[in-house]
Amino acid sequence: MPGDLSTWIRAGAMYNTSEFKDLSELATGGTKSGVPGFYLLADRQLWQQDPSSPLTAYRGIYVGGTAMYTPPKTAAFYQYYEGRLYWIGPSASRPKDMLSLVYSRNEVSPHLADFVNGFATETLVGARYNTNTITASYTAHLRPGIWGTLGVAYTDHPSISYFPREGSSLNFLGCLFLLF
């Protein structure tokens, strides 16, 4: 609504009854079932660019954050954090487009990383404990139901396992998607 800045919060829990490798028992091949997961996402509109109508009040600048967790014994990436800043409708001629800047961090299971690192002198493959990514992108509303995204992402520590002198990654992103 005009003059009312939007806020939305999503939270939840999951429970998966599937059987997973128990990463704390990789040497013995143990498994674990009944794995929980939790998530919390929140977004807040900071500024309304066009509060003249309920049909345009969504345009503006937003900030958001995400936190997700599952036990490190059952997931290679067991924690995920994200901070985002985005602008919906940056110009009057492109009211449904979005410009975004996102920082994300994945935490690697210490059980998995320690196991891999225990063999690093023999295999010459090591394991990281986290990855960090910064992404800038622009999503354009091309036609009703058709969207396209272009962006660039920089990741330090781009994989769990790595070879000595392996560097960071710079990726150019492109995506075309349909909504129907």
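The values are calculated or read from the model by the stated rules, or taken from the named source; none is laboratory data. On a predicted model such as this, the values are computed, not experimentally measured, just so you know. Cβ coordinates were reconstructed from backbone atoms using ideal geometry, including for glycine residues, and neighbour counts include every protein chain displayed.
Could you say which residue among Arg44, Arg10 is closer than 23 Å to Thr133 by Cβ, in contact (Cβ under 8 Å) with a residue 24 or more places away in the chain, exposed (fewer than 12 other Cβ atoms within 10 Å of the Cβ) and of a type outside the set (S, T, N, Q)? I'd like the intermediate steps shown before the answer.
Values: Arg44 fails: exposed (fewer than 12 other Cβ atoms within 10 Å of the Cβ).
It is Arg10.
Ala27 meets the conditions (1) closer than 26 Å to Ser159 by Cα; (2) without any contact (Cβ under 8 Å) to a residue 60 or more places away in the chain; (3) part of a loop (DSSP other than H, G, I, E, B) in every case but one. The failed one is (2). Put simply, of Thr155, Thr121, Thr149 the only residue that is within 19 Å of Tyr81 (Cβ to Cβ) and not in a loop (DSSP other than H, G, I, E, B) is Thr155.
Of all residues being among the aromatic types (Phe, Trp, Tyr) and within 20 Å of the chain's Cα centre (by Cα) in the range 92-148, which is nearest to Ser24 (Cα to Cα)? Just the residue, please. Walk me through how you get there before you give the answer.
Quick first cut of the range 92-148, residues among the aromatic types (Phe, Trp, Tyr) only: 103, 115, 119, 129, 138, 147.
Restricting the remaining residues to those that are within 20 Å of the chain's Cα centre (by Cα) gives 103, 129, 138, 147.
On the way: Tyr103: 29, Tyr129: 15, Tyr138: 41, Trp147: 43 Å.
Ranking the candidates gives Tyr129 first.
Just one of the listed residues (Ala75, Ala67, Ala27) is among the aliphatic types (A, V, I, L, M) and either closer than 30 Å to Leu142 by Cβ or surrounded by 16 or more Cβ atoms within 10 Å (Cβ to Cβ) (or both), namely Ala75.
Tell me, yes or no, whether the range 79-97 has at least one residue that is in contact (Cβ under 8 Å) with a residue 12 or more places away in the chain and farther than 24 Å from Ala136 by Cα. Within the range 79-97 (the criterion being in contact (Cβ under 8 Å) with a residue 12 or more places away in the chain and farther than 24 Å from Ala136 by Cα), the answer is no, since none of the residues qualifies. Per the conditions (1) of a type in the set (Ser, Thr, Tyr); (2) within 30 Å of Val152 (Cβ to Cβ); (3) outside any loop (DSSP other than H, G, I, E, B), the sole criterion not satisfied by Tyr58 is (3).
Test Gly118 against the stated conditions and say whether it is surrounded by fewer than 17 Cβ atoms within 10 Å (Cβ to Cβ) and at pLDDT 95 or above.
Values: surrounded by fewer than 17 Cβ atoms within 10 Å (Cβ to Cβ): yes; at pLDDT 95 or above: no.
Judged against the criteria, Gly118 is not a match.
So which of Ser109, Ser91 ends up being surrounded by fewer than 14 Cβ atoms within 10 Å (Cβ to Cβ) and either at pLDDT 90 or above or under 28 Å from Glu166 (Cβ atoms) (or both)? After applying the criteria, what remains is Ser91. Output yes when any residue across the range 25-37 is over 25 Å from the mean Cα position of the chain (by Cα), of a type in the set (Asp, Glu) and under 30 Å from Asn117 (Cα atoms), and no when none is. Yes, that holds for at least one residue.
Is there a residue in the range 69-88 that is assigned to a loop (DSSP other than H, G, I, E, B), modelled with pLDDT of 95 or more, in contact with a strand residue (DSSP E or B) (Cβ under 9 Å, 6 or more places away or on another chain) and at positive phi? So far as the range 69-88 goes, no, none of its residues is assigned to a loop (DSSP other than H, G, I, E, B), modelled with pLDDT of 95 or more, in contact with a strand residue (DSSP E or B) (Cβ under 9 Å, 6 or more places away or on another chain) and at positive phi.
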